[in-house]
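See below for the structure under consideration.
The values are calculated or read from the model by the stated rules, or taken from the named source; none is laboratory data. Since the structure is predicted, the reported quantities are computational estimates derived from the model, not experimental observations. Cβ coordinates were reconstructed from backbone atoms using ideal geometry, including for glycine residues, and neighbour counts include every protein chain displayed. Each accessible area value is taken on the protein alone, full model and side chains, heavy atoms only, with ligands, DNA and RNA left out. Shrake-Rupley method; radii C 1.70, N 1.55, O 1.52, S 1.80 Å.
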Amino acid sequence: MARYGKRADLIVYEEEPFNAETPRVALAEAGVTATDAFYVRGHGPVPDVDPAAWRLKVDGLVERELDLSLSTLREAFREREVTATLQCAGNRRAGLVAIRDIPGEAPWGPGATGTASWTGVSLADVLALAGPLPEAEHVGFVGADLSEEIAPAEPFAGSVPLDKARRPEVLLAWGMNGAPLEPVHGAPVRVVVPGYIGARSIKWLERIEVRAEPWRGHFQHVAYRLLPEHGTPGPGAGMPLGLVALNADVLAPEDGGTVPAGATEVRGYAFAGGERHVARVDVSLDGGTAWTQAELLDDLGPWAWRHWRTTVDLSPGEHEILVRAWDSSAATQPEDEAALWNPKGYVNNARPRIRVRAV
Ligand SMILES: Nc1nc2c(c(=O)[nH]1)N[C@H]1C(S)=C(S)[C@@H](COP(=O)(O)O)O[C@H]1N2
Ligand SMILES: [Mo]
């Protein structure tokens, strides 16, 4: 058993802070990822938060500052459930590392993502009580964990635009997959911002600050920004990441594996991010000349990925299976992974390809 009640087959990159990804087989099991298989991304140690003593402060550009207990939060606002995919901006970084090393960043495969049903209250309802002032444009979230990736250590934090924060799908969540939120996933309360990079879904939430400007702390002003290939990370350098870019990967068969010749099922996930949805997934066996359309599986609602499947006929020998997803804005995935390389290794959304040998 890995730590924090996780399955033993999670791929652990770091023990402290704990960072582990879901193996492809576990992602393939169901559209909703089991909690004991759900990936964990932590920039600091899991803080010890006592739910009975926990308070949520809401301050900044508001008419009324709030200081809420957990029971007030649960009783004063309407409970909601949203099924949403979380995806780390570093998901699939391994493909970029293979081109050129990215020191200091975990070489995540396709499992720094997962889908869960989240229970909580809408941030919008809490903001309505606080009353954002006319100059408010962004909503910042501050976690209780201190990250020593930077000196002096900083709490993990970030912001989203006020327009997004006012949407009903943005939750202050205490439940995950029908059970109380686990400590490693942000208990007692985390933010869930569907459609945005995982880094905006702040765990161990302690404070909400309504602001005129985006968050200026390390995890939004320096990290989680997309630099040009030869760029240097620094305050304000590169573009801030927010909405998730269209992405997909193959979950079965195993890359580099051997399968019986003949009919072979190919499965995977595709996630559109933002307010887009997955419109189509194509599979090619000849490097992208001929494509067949995969079947999209369970529709888990507007904030979740789509699993997909198709059956291909494999003659004995080596095969490369190439996939491209399309979203509702008619965007498809970039062809060339090499063109996506960036110094921090974010947003590898290139078309996935796997090799299998049929015998
Ligand atoms: N307080 C806090 N919130 C956080 C983080 C963190 O390190 N501290 N990591 C973020 C990142 S980068 C991601 S991808 C998601 C991961 O959520 P999970 O660990 O529940 O899968 O949490 C986000 N929220
Ligand atoms: Mo992340």
Among (1) crowded, with 18+ Cβ neighbours inside 10 Å; (2) touching a Lys or Arg at 6+ places or on another chain (Cβ under 9 Å); (3) closer than 13 Å to residue 247 by Cα, residue 321 falls short only on (3)
What pairs come up if the first residue lies in region 79-102 and is under 17 Å from residue 246 (Cα atoms), the second is of a type in the set (D, E, K, R) and not in a strand (DSSP E or B), and their beta carbons are under 6 Å apart, counting only those six or more places apart or on different chains?
88/41; 95/337
State the number of residues belonging to region 13-60 that are within 16 Å of ligand 2 (Cβ to nearest atom) and either outside the structural domain of residue 110 (by TED's automatic domain parsing) or not in a loop (DSSP other than H, G, I, E, B) (or both).
6
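So which residues in region 165-212 are among the small types (Gly, Ala, Ser) and near ligand 1 (Cβ under 8 Å from one of its atoms), if there are any at all? Before the answer, list the steps.
Of all residues in region 165-212, those among the small types (Gly, Ala, Ser) come to 165, 173, 175, 178-179, 186-187, 195, 198-199, 201, 212.
Result: 186, 198, 199, 201.
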Are there any strands (runs of 3 or more DSSP E) wholly within region 266-345 with 3 or more residues that are of a type in the set (Val, Ile, Thr), and if so which?
278-284, 306-314
May I ask you to verify whether residue 74 is closer than 29 Å to residue 30 by Cβ, away from ligand 2 (no atom under 16 Å from the Cβ), part of a strand (DSSP E or B) and of a type in the set (Lys, Arg)?
no
Just give me the residues in region 348-359 being open to solvent by 40 Å² or more (accessible area, probe 1.4 Å) and over 17 Å from residue 287 (Cα atoms), in sequence order.
359
Among the strands (runs of 3 or more DSSP E) confined wholly to region 152-236, which include 1 or more residues that are open to solvent by 40 Å² or more (accessible area, probe 1.4 Å)?
154-161, 205-211
